[in-house]
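The structure appears right after this line, and notes come after that.
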Amino acid sequence: MDDALPDLRDVAGPHLIGYLLNSMLYGSLGVQVYFYYEAFPKDKPFIKCFVYGIFTLETLQTIMIFRDCFVIFTQGLVDPSMANSTQLGWFNVTILDGITGCIVQIFFAYRIFVLSKSKIVPSIICTVAMTQAISSIADGIIARSTSLTETNMAYWKRRL
């Protein structure tokens, strides 16, 4: 076996834990959305669209994560280099999380504005949220062009 290829046990274990945690958290999100649907039937359409839109983004992300799980645990057994590739993680972990986080933070800034009528704090929150979203998109583009081993090695070389 080539030294450049990772031991599948070292790579697949953390992936499996992440996939299991994601599925548990997605299940609790589904329950929360159902409780929202039952408890607040007269909410404004804007807020309902926001909640269901975020749930749709999380559903899309979960589908992509399980697609990666399938690839790593089926094709990765035959070709261990597949387990080391980022698959769709460059998009769903960095870019999609950054966009979702930005949307949620801007919504909270809107709610702060509605409650306080202050423009300063919501403006700061929106600026930080946009900066975070732009950074996550840039990080996703970088992650697409590198493998997990290269990224991890670069990280640990900086730390040591």
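Each reported figure results from applying straightforward, stated rules to the coordinates on display, with no laboratory input. All values reported here derive from a predicted model rather than from experimental measurement. Using ideal geometry, Cβ is built from the backbone for each residue, glycine included, and neighbour counts are taken over all protein chains shown.
Of note:
- Remark: S136, S118, S23 ranked as S118, S23, S136, counting other beta-carbon atoms within 10 Å and listing the fewest first.
- Cα shape, region 21-148, gyration tensor, a/c 1.5 rule: oblate
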